[in-house]
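The values are calculated or read from the model by the stated rules, or taken from the named source; none is laboratory data. In this text, all values refer to a predicted model and were calculated from it rather than measured experimentally. Cβ coordinates were reconstructed from backbone atoms using ideal geometry, including for glycine residues, and neighbour counts include every protein chain displayed.
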Amino acid sequence: MPDWGLKQQGIQQVLKTTGETASGLHKHATAFGDHLTSAAARAGKPMQGVVDATTAYLNGDEEMAAEAQRNTLKAPKLDAPGVGKA
């Protein structure tokens, strides 16, 4: 068997550093993920508003079209675990 020159102390240090880095990445990814979820919901909402308003307008319901436009400007309701919770 070849001599790999492994030292327990060195391995422990690498594992400790890797764990700390992974923990930090997880924390930031979780926080960033919440922002991405919100951004995606906000980006999709105006597109759906255009569809709803256009459909209502083509169906001759101008009040419904106006309501769809107003709803587009409201904050989206997010149904994602941990989003919007204190």
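Of the residues examined, THR37 is one that is within 18 Å of the chain's Cα centre (by Cα), outside any loop (DSSP other than H, G, I, E, B), among the β-branched types (Val, Ile, Thr) and modelled with pLDDT under 75.
Within segment 50-57, not a single residue is within 23 Å of ASN71 (Cβ to Cβ), in contact (Cβ under 8 Å) with a residue 24 or more places away in the chain and not polar (S, T, N, Q).
Residue by residue, here is whether (1) modelled with pLDDT under 70; (2) surrounded by 13 or more Cβ atoms within 10 Å (Cβ to Cβ) holds:
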{"residue": "MET1", "(1), (2)": "yes, no"}
{"residue": "GLN8", "(1), (2)": "no, no"}
{"residue": "LEU25", "(1), (2)": "no, no"}
{"residue": "ALA53", "(1), (2)": "no, yes"}
{"residue": "ALA66", "(1), (2)": "no, yes"}
{"residue": "GLN69", "(1), (2)": "no, yes"}
{"residue": "LEU73", "(1), (2)": "no, no"}
{"residue": "LYS77", "(1), (2)": "no, no"}
